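Beneath this line is the structure, given in structure tokens, with notes to follow.
A short reminder: the numbers here are calculations on the coordinates, not readings from a lab. This is a predicted model, so every value here is computed, not measured. Cβ coordinates were reconstructed from backbone atoms using ideal geometry, including for glycine residues, and neighbour counts include every protein chain displayed.
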Amino acid sequence: MVDDELVKTIKEIQRKIDYEEEQTYSKVVIREYRNPGNFGVLEHPDAVGMIKGPCGDSMKITLKVENGIIKDARFWTDGCGATLACGNKLTKMIKSKTPTDAAKISQQDLMTSLEGLPKKHIHCATLSVITLLETINDYRKRNKKKE
Ligand code: FES
């Protein structure tokens, strides 16, 4: 009996959380942060970048680049759900692009592809794009040394 009550309470809390999420975030943001398939760190990456944002949260991006094309990308963050969505979406957007083209993706491009972010989470998109730029910078530095 107690278990039934507990299950009912948990389901009610989950329903409220889901409702609040749906009121706050776009469907794309919810989909990306509930299933962040690109979360993680690549072993032996060709580029690494890590940035701590003004909110105190960090993001790390690792890339595999073959023949001048981004073949794989992963992100790690200790940030909020919006940051998970941004990191996941951004690492999807850059696959099969050259590092130069990936560096052209703006915060606005990322936000558009996510169908918007609440005002208080715009900096999460900024953190993601800046981390990507840092990662591409690392790629350029490593490749300069080889030349
Ligand atoms: Fe800090 Fe989203 S990155 S709140």
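Checking the table K16/K95; K119/K141; K52/K144; K11/K64; K52/K141 against a 30 Å threshold on Cα-Cα, which pairs fail?
Pairs exceeding 30 Å: K16/K95; K119/K141; K11/K64.
Which residue fluctuates most in the GNM of the chain (Cα springs below 10 Å): I69, I130, I94?
I69
Would you please give the FRET efficiency between V7 and D109, computed as 1/(1 + (r/R0)^6) with r the Cβ-Cβ distance and R0 = 35 Å, to the nearest 0.05?
So the FRET efficiency works out to roughly 0.20.
Could you pull out the GluC sites (Glu not before Pro) across segment 1-107 that fall in loop regions by DSSP (anything but H, G, I, E, B) with no more than 10 other Cβ atoms inside 10 Å?
Sparse-neighbourhood loop GluC sites (Glu not before Pro): E43.
Set Lys and Arg Cβ to +1 and Asp and Glu Cβ to -1, take the dipole of segment 2-146 about its Cα centre, and tell me which of I61, I30, N137 lies farthest positive.
N137
Measure off 7 Å from each Cα along the Cα-to-Cβ vector at K119 and K97, then give the distance between these two points in nanometres to one decimal.
2.8
Given that compact globular proteins tend to follow 2.2 N^0.38 Å, what is the ratio of the alpha-carbon Rg of the chain to that value?
1.21
Relative to the present Cα-Cα distance, how much length would full extension add between K52 and E20 at 0.36 nm per residue of separation?
On the way: separation 32, 0.36 × 32 = 11.52 nm, distance 2.76 nm.
So the chain would gain 8.8 nm between K52 and E20.
Exposed loop sites here are trypsin sites (Lys or Arg not before Pro) in DSSP loop states with at most 16 other C-beta atoms within 10 Å. What is the longest stretch of the chain lacking them?
It runs 1-94.
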